[in-house]
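So the structure is just underneath, and the comments pick up after that.
Read-outs throughout are calculated quantities, based only on the coordinates presented, and are distinct from any laboratory measurement. Everything numeric in this text was worked out from a predicted model, so none of it was measured. Methodologically, a virtual Cβ is constructed for each residue, glycine included, from the backbone with ideal geometry; neighbour enumeration extends over all protein chains shown.
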Amino acid sequence: PYYLTSKAESVRYHPQVILAGRRINNGMGKFIAEQTMKRLSQLARPVNDLKVAVLGLTFKENVPDLRNSKVPDIIQELREYGVQVLVHDPIAESEESVAEYGIHLQQWKDLQNVDGLIIAVAHRAYTEMSLQELLKPLRSQQDGVVIDVKGLLDQAKLSSSLKYWRL
């Protein structure tokens, strides 16, 4: 969108649709964080006691490129609420995520007892997991918040007591 906008404006065309799409995309991190917080608030736990695991940091599934990813926006918004955020990405380079965003990646085994799970990037490592394995970091697989940004899960297979939302 940035390249198209630049080219269009260079010939004095103002691309409203492209610009509107860019505005929506730029606000997506905040929107997802707000949706997450709405559901976390139903757990009746103090905000500063809440822990959320974010699955995926890269811009695109199965590619290590962090450029243009909106996931850091989600993480930043949640941290501003006071939520402890753990981030896992099987593809991203740990050193790069720290250098670019100050985000320390966690090992899968270290994702434990979280109140919420945000599936932000549909990496093959996540799509190949069983539902039980994917939800394992939750404090309880019967209760908790699952934010499915990529529409990876079949809601019919989830516990009805889970607070589930998909984009």
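Beta bridges per DSSP, both residues in the chain: antiparallel share near 5 percent. Dipole of the chain computed with +1 at Lys/Arg Cβ and -1 at Asp/Glu Cβ about the Cα centre; of 53, 108, 42, farthest Cα towards the positive end is 42. Counting only residues at least eight positions apart within a chain, or on another chain, the lysines with an alpha carbon under 20 Å from that of residue 136 are 51, 109, 150, 157, 163. The ellipsoid that matches the Cα gyration tensor of the chain has semi-axes, each √(5λ) in whole angstrom, of 30, 18, 16, with the longest given first. Listed peptides 120-133, 142-155 appear in the order 142-155, 120-133 once ranked by packing, highest mean of other Cβ atoms within 10 Å at the front. Selection among 31, 165, 63 by position relative to the dipole of region 30-166 gives 165 as farthest towards the positive end (Cβ unit charges, Cα centre). Specify the angular offset, from 0 to 90 degrees and rounded to the nearest 10, of the alpha carbon long axis of helix 16-26 from the longest principal axis of the alpha carbons in the chain. With both axes taken from Cα atoms, the answer is about 30 degrees. Specify the angular offset, from 0 to 90 degrees and rounded to the nearest 10, of the alpha carbon long axis of helix 28-40 from the longest principal axis of the alpha carbons in the chain. Result, in degrees: 20. Rounded to the nearest 10 degrees, the angle from helix 71-81 to the longest Cα principal axis of the chain is 60 degrees.
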